[in-house]
Amino acid sequence: MGMTLAPDIGMGLDFGAFHREQRPRLVRAVAASIGDLDRAAEAVDEALARAWVRWDHVSSLDAPGGWVFRVAVNHARSRWRRLGRELLRPVMELSSGSTPGPELPDSLLRDAVLGLPEHQRDVVVVRLILDYDTATAANLLGVPEGTVTSRLSRAIIRLRSKMETQS
């Protein structure tokens, strides 16, 4: 999971440039969190529409991409709860025509991440895939920094255990 992503951008950037540069990354991150690429794309588009309406505020945040991620995940999960559908389906790879960006983890690791409890999966996505620091992750997830640290630690232990039994 040692991927490095471009830093979150927003301040001083027009919405069109933010959208072009961040949408592929956000879709992959939301897909990793919720387990469905098509629904992730739909949720990110909804969140980006909300960001556009509030761009003066969102672009001034420390992590506007994080704001879009949180709104997209919340939107996807609340919608799916209402529909009573299964949240975790295998994440499909992005089509070859997509904008280049970090690759999703391989299928074994992806399945292991999707098997984590939701709160641990969110921390893994925000800290390791989106590459936010602990303070930013805590702010985005609405939990104390210590909670982010402990959830990430527990998630890594579970992932290691799962990966060792699969190999």
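A few remarks follow.
- Long-range neighbours under 6 Å by Cβ, at least six apart or interchain, first residue of a type outside the set (Lys, Arg) within the stretch 70-84, second open to solvent by 10 Å² or more (accessible area, probe 1.4 Å) and modelled with pLDDT under 90: Ala76/Arg39; Trp80/Leu87
- Any hit, the stretch 105-113, residues being at negative phi, open to solvent by 90 Å² or more (accessible area, probe 1.4 Å), modelled with pLDDT under 75 and not in a loop (DSSP other than H, G, I, E, B): no
- Whichever residue in the stretch 114-132 is within 12 Å of the chain's Cα centre (by Cα) and outside any helix (DSSP H, G or I) and, among such residues, is nearest to Gly146 (Cα to Cα): Tyr132
- Scan of the stretch 46-66 for residues that are in a helix (DSSP H, G or I), over 19 Å from Arg121 (Cβ atoms) and in contact (Cβ under 8 Å) with a residue 12 or more places away in the chain, ordered by number: Glu46, Leu48, Arg50, Ala51, Trp52, Trp55, Val58, Pro64
The values are calculated or read from the model by the stated rules, or taken from the named source; none is laboratory data. It should be emphasised that the depicted structure is a prediction, and the values quoted were computed from it without experimental measurement. Please note: Cβ atoms are built from the backbone with ideal geometry, for glycine as well, and neighbour counts cover all protein chains shown. These accessible areas exclude ligands, DNA and RNA; they are computed on the full protein's heavy atoms, side chains included. Shrake-Rupley method; radii C 1.70, N 1.55, O 1.52, S 1.80 Å.
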